[in-house]
Each structure stands twice: as C-alpha cells, then as structure tokens.
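Here the structure comes first, spelled out in structure tokens, and everything after it is commentary.
Since every read-out is calculated from the coordinates, none of them should be taken as a lab result. What you see is a predicted model, and the numbers here were worked out from it, not measured in a lab. As a convention, Cβ positions derive from the backbone with ideal geometry for all residues, glycine included, and neighbour counts pool all protein chains shown.
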Amino acid sequence: MDKTKYIFITGGVVSSLGKGVAASSIGTLLEARGFNITIQKLDPYINVDPGTMNPFQHGEVFVTDDGAETDLDLGHYERFTSLSLTKKNNLTSGKVYDTVINNERRGLYLGKTVQVIPHITDEIKKNIMEAADGKDIVIVEIGGTVGDIESLPFLEAIRQFKLDKGKDNVLYIHLTLVPFIKTAGELKTKPTQHSVRELRAIGIEPSIIICRADRILPQDIKAKIALFCNVEEGAVITAKDEDSIYDVPLALRREGLDSKIIEYLNIWARSPDLSEWENISNTIKTLKNSITIGIVGKYVNLKESYKSLNESLIHGGLANSINVKVKYINSEDFEGDCLEEKLKGLEGCSGILVPGGFGLRGINGMLQTVEYARINKIPYLGICLGMQLLTIEYARNVLGLRDANSYEFNETTPNPVINIMDDQKNIGNMGGTMRLGAYPCVISKNTLAYNIYFRNNKGYKYITNDKNGVKLNLDGTISISERHRHRFEFNNKYREAFEASGFIFSGVSPDGKLIEICELKDYPWFIGCQFHPEFKSSPLYPHPLFVGFVAAAVKYFNALNGLEKSSHAKNKRKTLAL
Ligand code: GLN
C-alpha cells in the first residue's frame with residue numbers, strides 16, 4: 001500500500017513569488033523532522049525539457065547527476081535539502097504529451113479516443129507516483145500561476161489525487177501575494193481571495209495559504225484571509241521578504257508552517273533540528289567585509305541565468321566569512337574598440353570568473369578577460385566554456401598558436417585545441433545530446449586542484465563530505481564526481497605541447513582520456529574545470545572550488561591592500577598587448 005503523503009504547492013496572483021524557495025524550505029523543515037522526502041517540479045510548458053531553452057528566457061538549466069536538464073528550481077531543492085535529484089523530479093507538459101502521443105501511435109490505448117482527462121492526467125499522476133517511490137512525503141510544486149490555461153491538466157491531476165489517496169494523505173498549499181498599498185497604507189487581501197476562488201472553482205481547496213508580503217501579517221489580516229478563503233487562522237502563514245533565501249526555512253518555522261503540515265497530514269514527527277540553518281543565518285547576519293568577483297559572460301542581463309553560480313559564490317563567501325559581491329560584465333561589451341576603457345570594469349574585482357556558455361557571440365571578450373586575468377595573476381575560475389577559453393588563450397598567447405580555437409567557433413581551424421568528440425559529430429537533434437550529468441575525475445597529487453579538494457582555507461577536510469562525493473584513493477590521488485553539460489573537449493593532440501610548457505592537467509577522467517581540470521604552474525590561483533561545480537554547492541556543503549576561489553580572492557585583495565595601504569590597487573595592473 002502507498003504510505004506516501006503528498007503536498008502540492010500552487011501559486012497565485014503573480015509569478016516570481018518564490019514558490020521554489022517555499023517548496024525547498026518545506027523540504028528543509030520536513031527533513032529536519034526526520035522524514036524521507038523528495039521534491040518534484042511540474043512545468044506547464046510544451047518543451048520536453050528546458051535544455052533547449054534560451055537562458056535569457058527561462059534562466060539557468062540545472063543539471064542532475066543522471067544527466068537531466070531541468071528547471072532551475074531543482075537547484076533550490078538540492079541546495080536546501082540533502083537530496084540528489086533525478087530526471088523523475090522534473091516533468092513538463094511536453095514530456096507528458098510526448099509519452100501519451102507515442103503510446104497512442106503504438107496502439108497502447110486500444111483504439112480509445114485519447115483525451116486530456118483521463119489520458120494526460122493519468123500520465124501526470126503516474127509520474128508523480130514514480131517520483132514518490134516509497135518516500136514518506138513528496139512535495140510537488142506546480143509551475144506557473146493559477147488561472148493559466150497551460151497548467152489546467154496538472155491542476156486537474158492533483159485534484160484527483162485527494163480522491164485517489166484519501167484526505168489525510170494529500171495537502172494543498174497555495175502561495176499568494178498580499179501587497180501593501182502605500183497610498184492607502186493597507187495590506188490588501190483581495191488578490192489572495194480571488195486566487196483561492198479560482199483554485200476552488202477547479203475543485204482544489206487549499207488547507208494552508210502562504211502569503212508573500214513585505215511584513216508579518218497582523219492577526220486581523222490573517223483572520224480575514226482565513227474567513228474568505230475557508231482555512232483556519234493558524235493556516236495563514238506569512239512569507240515575509242527576507243534578506244537571504246537561507247532565512248526562509250527558519251522564518252516559515254516561526255510562523256508554524258511545519259507544525260500545521262504534520263497536523264493536517266496526520267503524522268507524528270520529532271521537533272526539527274535546525275541548528276545548522278541557524279548557524280548559516282547567524283553567519284550571514286554578521287558578515288562585515290565584502291569582496292567583489294567579476295563574472296564575464298553573455299547572459300549577464302538576466303541574473304536567473306547564473307542562479308547556481310551566484311548561490312555558490314555566496315556559499316564560498318560564507319565558508320570564508322565574507323560577503324561576495326558579483327559584478328556582471330557583458331563579454332560582448334569587450335568586443336571592438338576601447339578595450340582598455342572596458343577592462344577598467346574589472347579593476348575593482350579580486351577574482352574573475354568566466355562561466356559556461358554556448359556559441360560564438362562574446363567569445364573574444366571572454367578571451368581578452370582570460371588574458372587580462374593571466375598576465376595580472378588575478379585569481380581566475382573558468383567553468384566549462386571558461387575552462388575551454390583558458391586553454392585557447394594559453395595556446396594563442398603562450399604557445400604561439402595564434403589560430404588556436406574551438407571547433408564550436410571555427411570548424412576549419414588548423415588548431416582545434418578544443419574539439420568535438422567523434423560520437424557528437426553527426427548530431428541533428430539538439431535536445432539532450434551533450435555530455436550530461438555526473439562523470440568521475442581523478443585529481444593528481446601536488447596540484448592546486450588537489451589542495452582545493454583536500455582542504456579549504458580553514459583546514460576542513462572535504463574528504464569526508466559525502467554530498468560532494470570526494471574520496472581519497474590509496475595511491476594518494478583524489479576521486480571526485482562532478483556534473484557536466486557540454487559538447488566539446490580538450491584535444492589530446494595538444495596535450496604534450498601544453499605540458500612541455502608547464503601547463504598542468506590536474507584532473508582527468510579515470511581512463512586518462514578526457515581533461516577535467518587544468519591549471520597554470522606558478523600562478524597563485526588560475527584554474528579551469530570542464531564540469532559545473534555550481535550544481536553541487538549548498539550553504540551547508542559549500543563546494544571546494546568556490547571556497548578556494550573566494551579565499552584566493554580575499555588573499556589577492558589583502559596583498560594589494562598591504563602594498564597600497566589605502567585602497568584596492570587600481571592602476572597597477574598591466575593592460576593587454578593589443
Ligand atoms: N559550448 C561549450 C561546449 O558545448 C561549453 C558548454 C558550457 O559551457 N556549458 O562544449
């Protein structure tokens with residue numbers, strides 16, 4: 001018998017209310033009470049997965065260990081819990097329709113008329129139950145806003161869940177907005193009332209209403225919402241704007257959310273142990289100093305495109321007890337004239353990061369950034385594309401291969417330092433065809449990468465950290481597992497030439513064939529990784545590469561200040577030989 005309890009979270013009034021953070025925080029609270037949980041996201045769009053979507057439109061594509069390209073909310077779920085999610089945790093309308101239409105073509109519906117109810121809704125329910133897979137509690141977040149046409153089949157499917165599983169096993173939570181109207185000097189409940197009415201019209205009665213507001217709702221407002229929306233007063237929960245998303249679980253606990261959830265689901269649970277989250281929250285509040293990291297990429301206009309990266313830098317900052325400020329610089333601004341002027345944008349940055357990306361646009365600007373970081377010995381972290389560009393810049397300016405390039409940007413280059421793998425050459429289908437998900441990597445001794453993974457600046461050993469999967473091998477090397485999302489690889493034809501000049505390939509695949517991490521010899525901190533460490537960082541387990549990067553940036557900043565006493569040495573940096 002299915003003993004799993006189901007919590008469905010819908011959103012109303014407007015989008016961007018933080019449903020993902022609310023779902024994640026509920027996950028944090030329930031895990032802290034000892035439950036075995038999972039979190040699933042249902043996305044109403046027709047794309048089969050978000051992998052082919054432009055990051056400008058939909059934000060970052062989050063990648064799981066099993067190689068699923070998913071919605072960025074899954075990143076929140078992993079950062080707030082101990083979960084390592086899989087492709088089962090993200091379902092889109094596109095995926096549902098794809099399966100149903102394929103089933104129909106294969107004759108599996110035995111000649112019946114195939115309809116939204118029951119065929120589409122059954123397929124949705126089947127996927128939710130598959131994600132449940134014996135867990136105590138499944139939290140299901142429904143993307144979009146109640147009232148959208150697209151989300152109707154999902155809402156109908158979750159409505160049926162209560163009939164299928166019984167009322168003690170299913171809980172609906174609705175997240176809405178309670179705006180404060182300045183001119184009236186009042187908090188307004190009407191949008192919440194309308195949104196709940198909309199939900200009830202399709203047969204879903206929420207038992208708990210989480211109200212996003214800029215202040216804690218006073219009792220009379222809670223009473224009004226309770227009365228009009230047919231819930232208990234104690235089930236109207238404020239989700240006040242917090243300075244840090246990592247304060248949200250604690251804030252929701254103070255409002256009594258987790259107690260209400262277990263009361264309604266009729267389950268017993270110990271009181272939650274949130275001491276680690278309290279530590280994080282206290283650390284955030286006591287940070288005094290800041291450091292600036294420059295991110296040079298082309299998706300900088302939409303912060304959501306680098307969601308996990310931003311969070312990882314915050315985690316790295318927490319581990320070093322410093323605030324990390326990010327300065328976004330559009331690599332396309334670096335193209336063309338007045339480069340000197342533009343590079344000034346990087347002057348206040350104590351570390352430079354070139355993140356992942358696709359396509360030719362903005363590449364020259366990124367290459368100039370790498371060169372600038374290298375000749376000035378500024379701490380540099382290159383992620384995926386940022387690592388590939390590190391090797392191209394080195395090939396061009398140190399090895400003298402002026403036409404070195406990636407096959408991605410020039411298919412006929414005589415020096416494809418970054419090349420396409422043979423099995424990727426004839427791919428016509430763009431979705432899900434890259435090197436995706438977790439791959440192992442072995443790190444050599446006596447390298448920067450080794451020091452980074454072995455211990456952070458506080459001497460804390462990551463070796464024992466299961467979440468990051470770091471293991472010390474008998475031969476003294478370190479094994480790690482990291483997530484990938486790319487099509488191109490370092491070309492081994494150039495390995496010897498690189499090594500002969502002192503370039504270090506510090507992390508490679510266990511068979512030695514794929515380059516995973518590279519670094520520059522005799523540089524304080526200059527490293528590139530072919531994988532995406534940002535997908536495995538969380539506030540409780542900050543990723544070693546980000547801990548190390550922020551530590552190096554702090555050291556760099558202090559060294560400059562030590563030299564200059566007053567401020568961050570601005571004009572001491574060398575400019576590029578153009
Ligand atoms: N465009 C590069 C590749 O496909 C890098 C991808 C990335 O940065 N995620 O290999």
Net +/- balance of residues flanking residue 60 in space, Cβ distance below 15 Å, scoring K and R +1, D and E -1: -1
Distance in nm between pseudo-label sites at residue 444 and residue 285 (7 Å out along the Cβ direction from Cα): 4.8 nm
Rounded to 10°, Cα long-axis angle of helix 363-375 versus longest principal axis of the chain: 60 degrees
Candidates per trypsin sites (Lys or Arg not before Pro) in segment 275-363, loop by DSSP, up to 11 other Cβ within 10 Å: 288
Pairwise label distance in nanometres, residue 509 with residue 421, each label 7 Å out on the Cα-Cβ vector: 0.5 nm
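To the nearest 20 debye, what charge dipole does segment 68-212 have about its Cα centre, counting +1 at the Cβ of each Lys and Arg and -1 at the Cβ of each Asp and Glu? Kindly include the intermediate steps, with their values, before the conclusion.
Details: 20 positive and 20 negative charges, 62 e Å.
Roughly 300 debye for segment 68-212.
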Cβ-based charge dipole, the chain, positive-most Cα from 261, 171, 542: 542
Rounded to 10°, Cα long-axis angle of helix 275-286 versus longest principal axis of the chain: 60 degrees
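Can you list the equivalent-ellipsoid semi-axes of segment 1-126, largest first and in whole Å, using the square root of 5 times each Cα gyration tensor eigenvalue? Don't jump to the answer; show the numbers that get you there.
Values: eigenvalues 149, 72, 40 Å².
Ellipsoid half-lengths, sorted descending, are 27, 19, 14 Å.
Loop only by DSSP, 16 or fewer other Cβ within 10 Å of the Cβ. Give me the trypsin sites (Lys or Arg not before Pro) in segment 39-130 that pass, ordered by residue number. The partial results should precede the final answer.
On the way: sites: 41, 79, 87, 88, 95, 105, 106, 112, 125, 126; in loops: 106, 112.
Answer by residue number: 106, 112.
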Potential extension, residue 301-residue 242 segment - 0.36 nm per residue separation minus Cα distance: 18.9 nm
Cα-Cα over 22 Å, subset of 493/513; 288/555; 190/303; 307/377; 188/285; 3/95: 190/303; 307/377; 188/285; 3/95
On Cα atoms only, tilt of 121-132 relative to the major axis of the chain in degrees: 60 degrees
Local electrostatic count, residue 388, Cβ distance below 9 Å [Lys/Arg +1, Asp/Glu -1]: -2
Inverse of mean 1/r across different Cα pairs in segment 55-140, Kirkwood, Å: 14.6 Å
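Which value, in nm² and rounded to one decimal, describes the direction-averaged projected area of the C-alpha convex hull of the chain?
Numbers: hull surface 119.5 nm².
That works out to 29.9 nm².
Under a point-charge model restricted to the Cβ atoms of Lys and Arg (+1) and Asp and Glu (-1), what is the dipole moment magnitude of the chain relative to its Cα centre, in debye to the nearest 20? Write down the numbers at each step before the final one.
Details: 69 positive and 69 negative charges, 201 e Å.
Value, rounded to 20: 960 debye.
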Cα→Cβ-extended label distance, 7 Å offset, between residue 523 and residue 278, nm: 4.4 nm
